[in-house]
Amino acid sequence: MLLTVFQALTALQLTISEGENATVMIPLTFLLLTGVMWLYFLTLRALRRVGFEMETIAFFLSTLSLAVTSSSNTPALFKQFLCVVLGLALFLVLGVFLRNLDRAKKIRWLMAAGAIGLLSLTVVLYLLGLTGTKYGAANWLTIAGISVQPSELAKICYIFAGAATLDRLFRKRNLGLFILLTGVCLACLAYMSDFGTAAIFFVTFLVIAYLRSGDWATLALICGGGVFAVLTMLSLKPYILQRFATWGHAWQNASVGSGYQQTRTMSAIASGGLFGKGTGEDAFLKNIGAANTDLVFGVISEQFGLILALCTVFILLVLVLYATRCAATARSSYYVIAANSAAAMLVFQATLNVLGAVDILPLTGVTLPFVSVGGSSMISCWGLLAFLKAADTRPNASFTLKLPKRIRGWIPPDADRMYDDRYNGWYDDYDEDAYEDYGYDDGYEDYDEYEDYDDYDQFAEDWTQDRG
């Protein structure tokens, strides 16, 4: 309800700020977003689902994305809304697919091929001169007038394949295959000068590798190898170093290069104060390049205030807390690795975007998850959210868990040890033979009887007496 009020007030503010140039597109798009949000909520409530923390965060950040789009490029507003809908659809499809752990593991090679294929295809098209270059990175494909960034979709494939492969190799303590996958992805990104995305992939690799091995010595060796690779690349391509020469010296280069963008961004953050100065024509960042993508933190701070901008960053940090909490009760190590690596990817990307905009870190040209304008990024972020949702094992909280025959069967009071130590292990893949060994299989078969009861405790009592 509060998010609906926020969406309505945001649409009203944007419409008023446009004045005579206001069109029905602004309130209509926000109304459609609100409608999609409530349709999703009511549908899952009808299916007796009760956990909506992650989706609420995503819808809030998507609302900010529409606000930024409206203030910077109103004609693209409906297109950005469609990307939110496509992202939500991907979130649902992935969530349902991740219900079955064996099914997820079976396509790990397909997902690995997908990650390599998407990036390799971009490299080939780049060599043929068929890709677009934005802010130094040549990783954009234009299909039927629509720009697509394959590296964003490759993130989903990368985590999908990495988590499944490492879960399968858990006992062998072998990182070779995953290192090979990571090396190919990083090589493709480096060749296209997309160093921001390459850094995100590398940090995600470290998170996955640590969750897989817990070996700090191995990680230190990997980091050493990464530093050596970077130094080698800089020696072969010294012009790359010039892109980072402004770091820490933005005010000394205030009229050229990224220094121009960063100094304007910091000035805009200061001018917005705590509550912002609106979205009118006097917005300081309105005509600055990459304002609604790489520098979007400055846009939010200027137009909506520093308080809302910091809340946006804090909400993204909540994803890490959520993933960590879910890891304690996850159905298998696959879901632990996938959820934590997806959260790390989103948070590290947000860190690069926010701190890069204010010159604390080099400006690497990555988007702020869910908020920056761009269809590929929006769809990718919703897809990554599915990994966090799949790790949630709270009763009835996640649609990625099947309600029938998994948590509906009643567990007798004297089975606490089995429930605590073993039942979660069967949460994803129901082991009928193992369950029958404990003599509780009848509870699943009698679920039809449970549906006739209004009181769960009464059903449990009658079932116990009937089964002895």
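The values are calculated or read from the model by the stated rules, or taken from the named source; none is laboratory data. All of these numbers come straight from a predicted model, not from anything done at the bench. We place every Cβ from the backbone using ideal geometry, glycine too, and count neighbours over all the protein chains shown. Please note that ligands, DNA and RNA were not included when accessible areas were found on the heavy atoms of the full protein model with its side chains. Shrake-Rupley method; radii C 1.70, N 1.55, O 1.52, S 1.80 Å.
At 0.36 nm per residue, minus the direct Cα-Cα distance, what do Leu9 and Leu42 gain on full extension? Give it in nm, one decimal, please.
9.6 nm
Counting heavy atoms of the protein chains only and a 1.4 Å probe, report the per residue accessible area for segment 55-103 as a whole number of Å².
Per residue, segment 55-103 has an accessible area of 33 Å².
When ligands, DNA and RNA are left out and all protein chains stay put, how many square angstrom of accessible area per residue does segment 241-400 have with a 1.4 Å probe?
Ligands and nucleic acids excluded, the result is 34 Å² per residue.
Applying the Karplus parametrisation 6.51 cos²θ - 1.76 cosθ + 1.60 with θ = phi - 60° to the phi angles of segment 303-312, what ³J(HN,Hα) value in whole Hz is obtained for each residue in order, glycine and proline being reported as x?
Whole-Hz 3J(HN,Hα) from phi for segment 303-312: 8, 10, x, 5, 4, 5, 5, 5, 4, 4.
Accessible area of segment 1-114 with a 1.4 Å probe: how many percent of it is carbon plus sulfur?
Here carbon and sulfur together make up 74 percent of the probe-accessible area.
Which cross-chain or sequence-distant (5 or more) residues have an amide H under 5 Å from the amide H of Val148, H modelled 1.01 Å from N in plane?
Amide H to amide H, under 5 Å and 5 or more residues apart or across chains, Val148 pairs with Leu141, Thr142, Ile143.
Measuring from label point to label point, each 7 Å out along Cα→Cβ, what is the Cys311 to Ala254 span in nm?
Label at Cys311, label at Ala254, 3.2 nm between them.
Would you mind counting up the charge near Phe41? Only other residues with Cβ under 14 Å from its Cβ, with Lys and Arg at +1 and Asp and Glu at -1.
Overall, the nearby charge balance is +1.
Hey, could you pull the Cα Rg and Dmax for segment 1-64, both in Å?
Both quantities, over Cα of segment 1-64: 13.5, 46 Å.
Tell me, in nm to one decimal, what length is gained between Thr329 and Leu86 on full extension, where the rule is 0.36 nm per residue of separation less the Cα-Cα distance? Could the numbers behind the result be given before it?
Details: separation 243, 0.36 × 243 = 87.48 nm, distance 3.00 nm.
84.5 nm is the gain from fully extending Thr329 to Leu86.
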